[in-house]
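Step one of this worksheet: look at the structure below.
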Amino acid sequence: MASPSKVSVVTGGNKGIGYAICRGLCNQVGGTVILTARNEQFGRAAVAKLKEEGYETVFEQLDITDTYSIVKFKERVTNYYGGIDILCNNAGIAYKCASTDPLMEKAVNTLETNLVGTWNVTNYLLPLMKAGGRICNVSSMCGILDRMWPDKRHPIRLQLLSDALTEEAIMKIMRDYYTAIECNDYKHYKKDSAYSLSKVLLTALTRVQARLLQDDPRGILINCCCPGYVSTDMSSHKGPLTIDEGARTPLMVCQLVQGCTITGEFFREMKHFNWEGNYYYHKGEISNNDPSEHFDDYQKLLGAGYYVAP
Ligand SMILES: NC(=O)c1ccc[n+]([C@@H]2O[C@H](COP(=O)([O-])OP(=O)(O)OC[C@H]3O[C@@H](n4cnc5c(N)ncnc54)[C@H](OP(=O)(O)O)[C@@H]3O)[C@@H](O)[C@H]2O)c1
């Protein structure tokens, strides 16, 4: 449903899934869609391209690893846009499997972007989120717990699943990975797994942030999702999904209807999915079957006027 007063922000909107999320928000939400990019030239080119396609977005510079850039962006949102209804934390990086860059360099760059950068953006922008706001962190199926720590008693897995988990503890798990690389000791971590670790910790962070927002009167929902395997530069265009198909689940998470209470959760293929392993939720129950047959129920999480065939 188009909402002329809504303000949406997408990080890494200049290409790939982020670009399609901006296009989808123009189509499905309307209002002001702020396409952000770290590179001004790329960002402005994307805004111009969307304009040619008939979509109106505005460009703002935002490098999620640069605190100065985040603070400037926050100032501009405060002064020119008033507040934020939808924040889609899409920006991310992944080294190619064939990369021979030093492990530590890959780990620090990947985790500082995908985890710490995303965390900072949300922390800085949270005061600007309006009542009923929605935050979507674009995570990945690479960050599923069963894939990272299949042993259900693994201490890090148990720590991440604990209701007492804190943001600080998540950052310590990240720093312990750096130590593991330094000491060449991979007892608790897979060796070259910075991307997966960044996404598993981002999902854990989403859960903690949702808990911290529980008593916030604005009723903000924060969830994360996997967009699927999408044909973008990141996947070297090997993914079978188009960027618009990849944008569908993030767009759904950005538009969970008022009254929806799902927060701190993981979605894939437009369905509520269990982050630990391999099952879906359906009507609050665990279901071992892909609940595509109940797709209408999922559609109800969306605003009126938006329908995507399963
Ligand atoms: N493609 C897939 O199959 C897949 C699967 C699962 C999850 N994901 C996730 O989906 C999201 C989008 O990925 P994609 O496939 O669309 O990748 P992509 O085509 O490589 O696009 C990534 C976007 O993030 C931006 N970015 C990177 N670092 C940034 C920073 N420090 N500040 C601001 N923007 C930054 C990039 O900007 P530049 O153009 O300046 O580099 C680009 O706009 C990522 O979070 C990714 O992990 C993708």
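Apart from one condition, Gly117 fits all of (1) within 25 Å of Met252 (Cα to Cα); (2) touching a residue at least 60 places away in the same chain (Cβ under 8 Å); (3) small (Gly, Ala, Ser); the exception is (2).
For the stretch 110-135, a residue qualifies if it is under 17 Å from Leu212 (Cβ atoms), within 12 Å of the ligand (Cβ to nearest atom) and under 11 Å from the mean Cα position of the chain (by Cα), and the qualifying residues are Leu115, Thr118. Before we move on, is Thr57 among the polar types (S, T, N, Q), buried (at least 17 other Cβ atoms within 10 Å of the Cβ) and within 13 Å of the ligand (Cβ to nearest atom)? No. Within the stretch 149-190, the residues that satisfy the criterion of being surrounded by 14 or more Cβ atoms within 10 Å (Cβ to Cβ) and among the small types (Gly, Ala, Ser) are Ala169, Ala180.
The criterion of at least 2 residues that are under 25 Å from Leu103 (Cβ atoms), at pLDDT 95 or above and more than 16 Å from the ligand (Cβ to nearest atom) is met by the following helices (runs of 4 or more DSSP H) wholly inside the stretch 151-250: 155-161, 167-183. If you go through the stretch 82-137 and keep only what is of a type in the set (Val, Ile, Thr) and in contact with a strand residue (DSSP E or B) (Cβ under 8 Å, 6 or more places away or on another chain), you end up with Ile84, Ile86, Thr118, Val121, Thr122, Ile135. Out of the residues in the stretch 64-94 that are under 14 Å from Val10 (Cβ atoms) and within 15 Å of the ligand (Cβ to nearest atom), which is surrounded by the fewest Cβ atoms within 10 Å (Cβ to Cβ)? Looking at the filtered set, the residue picked out is Phe73. Taking the listed residues Arg76, Arg44, the one that is out of contact with any Asp or Glu (no Cβ under 7 Å at 6 or more places or on another chain), in contact (Cβ under 8 Å) with a residue 12 or more places away in the chain and either of a type in the set (D, E, K, R) or in a loop (DSSP other than H, G, I, E, B) (or both) is Arg44, with no other qualifying. Just to be sure I understand the filter: pairs with C-beta atoms under 8 Å, separated by 6 or more residues or on different chains, first member in the stretch 139-166 and over 15 Å from Gly277 (Cα atoms), second member in a loop (DSSP other than H, G, I, E, B) and modelled with pLDDT of 95 or more. Which pairs pass? Taking only residues 6 or more apart or on different chains, the pairs are Gln159/Leu165. When the stretch 203-230 is filtered for residues that are hydrophobic (A, V, I, L, M, F, W, C) and within 19 Å of Met270 (Cα to Cα), the ones remaining, listed by number, are Leu221, Ile222, Cys224, Cys225, Cys226, Val230.
Within the stretch 253-265, the only residue that satisfies the criterion of being crowded, with 24+ Cβ neighbours inside 10 Å and within 18 Å of Met141 (Cβ to Cβ) is Val253.
Tallying residues that are of a type outside the set (A, V, I, L, M), under 18 Å from the mean Cα position of the chain (by Cα) and either more than 26 Å from Ser236 (Cβ to Cβ) or buried (at least 24 other Cβ atoms within 10 Å of the Cβ) (or both) within the stretch 1-22 yields 8. Taken over the stretch 6-31, residues that are more than 18 Å from Met252 (Cα to Cα) and without any contact (Cβ under 8 Å) to a residue 60 or more places away in the chain amount to 1.
The values are calculated or read from the model by the stated rules, or taken from the named source; none is laboratory data. These numbers come from a predicted model, not from an experiment. Here Cβ is always computed from backbone atoms with ideal geometry, including for glycine, and neighbour counts include all displayed protein chains.
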